[in-house]
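First the structure, in the form of structure tokens, and then the observations on it.
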Amino acid sequence: MDKMLKKIELNDLLKLGEGNSRVCYNHPNDNTKVLKISKNRLNKECDNVLEYAYFTYLNKKNTPLLHLANSYGFVDTNFGKALVSDKICNYDGKISKSFSDILYSKTLQMEDENTLIKDLRDYIFKYNILFLDVNLSNVFCCEYERNKYKLIIIDGVGTARDKFRLELYFKFKWYSKYKIKKQWKKFIQNIEKLKNEKQ
């Protein structure tokens, strides 16, 4: 990990994607990682800080990260501080597709889709995972072995408006469970909406 402690030079050729609040880049020194950079550098409690705080919490609890892209801390880049996270790739080395792309292209049979959704739901509720930004693009469908798939959340976990809200989720399990149930319903609604649009 020593090579990740030095300032990293990024450019547009390394850019993977861009959301409302962050830009994601390939890590130029580690093909298994990505770098997330906040667009709002003036916000001390930006998504990167909150996400890393959440993964620190999960790791202290020894929560298995079976369906999550882990976060590893911060590095300096020419574009500012970046959060290092797992890059989700298939067994053949190709970057996994988002679940929205999988559903839209009808890559899998409906029975397989339902199994993946159920597995993700069981995991989230068993370990009380705060999956709050339930956009389908925040979930990748990883083909970890040939014709074997699992859903992995790459973004939108542990996010909250501020650190105080996140700490409330940590302190009051009933509150986090309520929020998780509410957001899971929205996630299913997003799936149904996409399927209806495709018909």
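Coordinate-derived values only; no laboratory data. Source: prediction; values computed, not measured. Virtual Cβ from ideal backbone geometry, glycine too; neighbours counted across all protein chains shown.
Debye sum, Cα scatterers, the range 44-100, no solvent: what log₁₀ I/I(0) at q = 0.14, 0.20 1/Å?
Log10 I(q)/I(0), no solvent term: -0.50, -0.90.
How are the C-alpha pair distances of the range 1-105 spread across 10 Å bins, as whole percents from the shortest bin up?
With 10 Å bins starting at 0, P(r) equals 13, 43, 36, 7, 0.
With loop defined by DSSP as not H, G, I, E or B, and exposure as at most 14 other Cβ atoms within 10 Å, which is the longest segment of the chain clear of exposed chymotrypsin sites (Phe, Trp or Tyr not before Pro)?
1-90
Lys87's amide H: which non-local residues (gap 5+, or another chain) put their own amide H closer than 5 Å, with H modeled 1.01 Å from N in plane and none for Pro or chain starts?
When sequence neighbours closer than 5 places are left aside, the close amide H contacts are Lys33, Val34.
Can you check how the C-alpha radius of gyration of the chain compares to 2.2 N^0.38 Å, as a plain ratio?
Compared with the compact-globule rule of thumb, the chain sits at 1.03.
Loop-only trypsin sites (Lys or Arg not before Pro) in the range 126-199, please: DSSP not H, G, I, E or B, and at most 12 other Cβ atoms within 10 Å.
Answer in residue order: Arg146, Arg161.
What nm value, rounded to one decimal, do you get for the distance between Asn31 and Phe125 when each label is placed 7 Å out toward the C-beta?
If labels sit at Asn31 and Phe125, their model points lie 4.0 nm apart.
Can you compute the helix-only [θ] at 222 nm over the chain? Use -39500 (n - 2.57) per DSSP H run of at least 4 residues, normalise by all residues, nearest 500 deg cm²/dmol.
So the calculated ellipticity at 222 nm is -12000 deg cm²/dmol.
With each label point set 7 Å from Cα along the Cα-Cβ vector, what nm distance links Lys181 and Lys15?
Spacing of the two 7 Å Cα→Cβ label points: 4.3 nm.
Taking only the alpha-carbon positions of the range 51-163 and ignoring solvent, what does the Debye formula give for the base-10 log of I(q)/I(0) at q = 0.12, 0.23 Å⁻¹?
Per q value, in the given order, log10 I(q)/I(0) is -0.45, -1.40.
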